[in-house]
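S.K.: Pasting in a structure now, in structure tokens, and then I'll have a few things to ask.
The values are calculated or read from the model by the stated rules, or taken from the named source; none is laboratory data. What you see is a predicted model, and the numbers here were worked out from it, not measured in a lab. Cβ coordinates were reconstructed from backbone atoms using ideal geometry, including for glycine residues, and neighbour counts include every protein chain displayed. For the accessible areas, the whole protein counts, side chains as well, though only heavy atoms, and no ligand, DNA or RNA atoms are used. Shrake-Rupley method; radii C 1.70, N 1.55, O 1.52, S 1.80 Å.
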Amino acid sequence: MTATTELTAESTSKYAQVRPDLRLHYHEAGVGNGPTIVLLHGGGPGASSWSNFSRNIAVLAEHFHVLAVDQPGYGRSDKPTEHPQYFVHSASALHDLLDHLEITERVHLLGNSLGGGAAVRFALDYPDRAGKLVLMGPGGLSTNLFAPDPTEGVKLLGKFSYQPTRENLEAFLRIMVFDQKLITDELIDERFAAASTPESLAAARAMGKSFASADFEKGMLWRDAYKLRQPVLLIWGREDRVNPLDGALIATKVIPRVQLHVFGGCGHWAQLEKFTEFNRLTIDFLAGIKEG
């Protein structure tokens, strides 16, 4: 095995005090390899960069300098409850992290769900710092034309926030994937322990409320998606019950340099359920056409 295949959560773990009141946790791998790629996880209970991307980090690190960031309010990062619309909040925190690490060149962004929305917001707010985008069922960018709103997944996410039981968490996790064997007792227990702390619950509620705050329009990314000049790869699971596939239609219509890949037999966690194909697809896309 190569060194990158032996990476662990602890061996890659790092912290950065990006502001006086905000410390971010992240995993770093592939230092000195290729351009930088930032991985931004989804917003489910107990989510973190490692829980979302543990099967992707080592493979991507063979080609890129990888930063898998715990977004504010998640994982081991600080959990402030007073903040602007969440995509703005996360994107500005990432901007400060890159400044702290003295990474001034463009970075590629790979985001799942909530992290996909944060990646798009970053590209819109800091276009000179954003390279290519790989977005899996991104929040804010998808507008459901046929599926009802709120979706099944969003309803269960809200239910856990206000009734944080293990049973409600299991119900949420089970609709995240097509292959039910992926939802083990160990995973449920691990996510429940992380999600049920008072700090995590308060941060999750603050995140949800930010989508109805005074600057809520910052979360309606589909309205500004035509401004994206970066190449964008959308990846969707056909059986996604959080951000259903029909949500991709407007995004593929308005983003100038876009392509869409759909996995059958796959839910909201394409990077987990189809990790081998996902890794290859991402590497090929990022190593392909240059920006211009």
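S.K.: Using Stokes-Einstein with the Kirkwood hydrodynamic radius over Cα pairs, what translational diffusion coefficient do you get for the range 145-292 at 4 °C and a viscosity of 1.567 mPa s, in µm²/s rounded to a whole number?
M.R.: Working: Rh = 17.3 Å.
Translational diffusion coefficient: 75 µm²/s.
S.K.: May I pose another question? Report, ordered by chain and residue number, the aspartates and glutamates lying within cross-link reach of LYS181, taken as a straight Cα distance under 12 Å and ignoring same-chain residues fewer than 8 apart.
M.R.: Those aspartates and glutamates meeting the cut-off are GLU273.
S.K.: What's the ranking of 124-130, 16-22 by average number of surrounding C-beta atoms within 10 Å, highest first? Present the calculation step by step, with values, prior to reporting the outcome.
M.R.: Details: 124-130: 16.1, 16-22: 14.3.
Packing order, densest peptide first, comes out as 124-130, 16-22.
S.K.: Please sort by residue number the chymotrypsin sites (Phe, Trp or Tyr not before Pro) in the range 236-292 whose DSSP state is loop and whose Cβ has at most 15 other Cβ atoms within 10 Å.
M.R.: Numbers: sites: TRP236, PHE263, TRP269, PHE275, PHE278, PHE285; in loops: TRP269.
Sites meeting the loop and neighbour criteria: none at all.
S.K.: Further, regarding this structure: What number, rounded to the nearest 500 deg cm²/dmol, is the helix-based mean residue ellipticity at 222 nm of the chain, given -39500 (n - 2.57) per DSSP H run of at least four residues and division by all its residues?
M.R.: Numbers: 11 runs with 104 residues, N = 292.
My calculation for the chain gives -10000 deg cm²/dmol from helical runs alone.
S.K.: If you roll a 1.4 Å probe over the heavy atoms of the protein chains, what accessible area per residue do you get for the chain, in Å²?
M.R.: Numbers: 12460 Å² over 292 residues.
Accessible area per residue, the chain: 43 Å².
S.K.: Give me a comma-separated list of calculated 3J(HN,Hα) values for the range 136-149, in order, Karplus coefficients 6.51, -1.76, 1.60 applied at θ = phi - 60°, integers in Hz, x for any Gly or Pro.
M.R.: Calculated HN-Hα couplings, in order: 10, x, x, x, x, 8, 8, 10, 6, 8, 10, 6, x, 10 Hz.
S.K.: Follow-up question, since we're still on this one. Can you send over the carbon and sulfur percentage of the accessible area for the range 86-127, probe radius 1.4 Å, protein chains only?
M.R.: Working: 530 of 1150 Å².
Heavy-atom surface of the range 86-127 belonging to carbon and sulfur, 1.4 Å probe: 46 percent.
S.K.: Roughly how many percent of the accessible protein surface of the range 177-275 is carbon and sulfur, given a 1.4 Å probe and a whole-percent answer?
M.R.: Details: 2740 of 4800 Å².
Within the range 177-275, the accessible surface is 57 percent carbon and sulfur.
S.K.: Counting other Cβ atoms within 10 Å, which GluC sites (Glu not before Pro) in the range 252-292 have at most 16 and lie in a DSSP loop?
M.R.: Working: sites: GLU273, GLU277, GLU291; in loops: GLU291.
Listed in order of number, the matching sites are GLU291.
S.K.: Could you run the Karplus curve 6.51 cos²θ - 1.76 cosθ + 1.60 with θ = phi - 60° over the range 42-52 and give me ³J(HN,Hα) per residue in whole Hz, x for Gly and Pro?
M.R.: Each residue's phi maps through the Karplus curve to give x, x, x, x, x, 5, 7, 5, 6, 5, 7 Hz.
S.K.: Further, regarding this structure: Listed here are the pairs LYS79/LYS209; LYS227/LYS253; LYS155/LYS274; which of them are more than 18 Å apart at the Cα? List each step's numbers first, then the result.
M.R.: Numbers: LYS79/LYS209 14 Å; LYS227/LYS253 13 Å; LYS155/LYS274 25 Å.
In this structure, LYS155/LYS274 exceed 18 Å between Cα atoms.
S.K.: Over the Cα atoms of the range 92-179, compute the convex hull volume and normalise it per residue, giving Å³.
M.R.: Working: hull volume 12.4 nm³, N = 88.
Output value, Cα hull per residue: 141 Å³.
S.K.: Please compute the Cα-Cα pair-distance distribution of the chain with 10 Å bins starting at 0, giving whole percents from short to long.
M.R.: 7, 31, 40, 20, 2, 0
S.K.: For labels at GLU217 and ALA171 in the simple 7 Å Cα→Cβ model, what's the distance in nm?
M.R.: 3.6 nm
S.K.: Here's a follow-up. Using 1/(1 + (r/R0)^6) with R0 = 51 angstrom and r between the beta carbons of GLN17 and PHE146, what's the FRET efficiency to the nearest 0.05? Intermediate results must be reported in sequence, preceding the final value.
M.R.: Working: r = 45 Å, r/R0 = 0.89.
Result of the calculation: an efficiency of 0.65.
S.K.: By the scheme Lys and Arg +1, Asp and Glu -1, what is the net charge of all other residues having a beta-carbon under 10 Å from that of GLU199?
M.R.: On the way: positive: LYS79; negative: ASP78.
Taking every other residue near GLU199 into account, the sum is 0.
S.K.: Let's see if you can work this out: charge +1 on each Lys and Arg Cβ, -1 on each Asp and Glu Cβ, no other charges. What is the dipole magnitude of the range 174-292 about its Cα centre, in debye to the nearest 20?
M.R.: Values: 16 positive and 16 negative charges, 113 e Å.
Value, rounded to 20: 540 debye.
S.K.: Where is the GNM fluctuation largest for the chain (alpha-carbon springs, 10 angstrom cutoff): PHE216, PHE178, PHE122?
M.R.: Comparing PHE216, PHE178, PHE122 in a Gaussian network model of the chain, the most mobile one is PHE216.
S.K.: Let me ask something else. What residue among SER196, ASN243, GLN230 has its Cα farthest toward the positive end of the dipole of the range 141-252, where the charges are +1 on Lys, Arg and -1 on Asp, Glu, each on the Cβ?
M.R.: Farthest towards the positive pole: GLN230.
S.K.: Of the candidates ALA29, ALA212, ALA202, which one comes out as most mobile in a Gaussian network treatment of the chain with C-alpha springs shorter than 10 Å?
M.R.: Maximum among the listed residues: ALA212.
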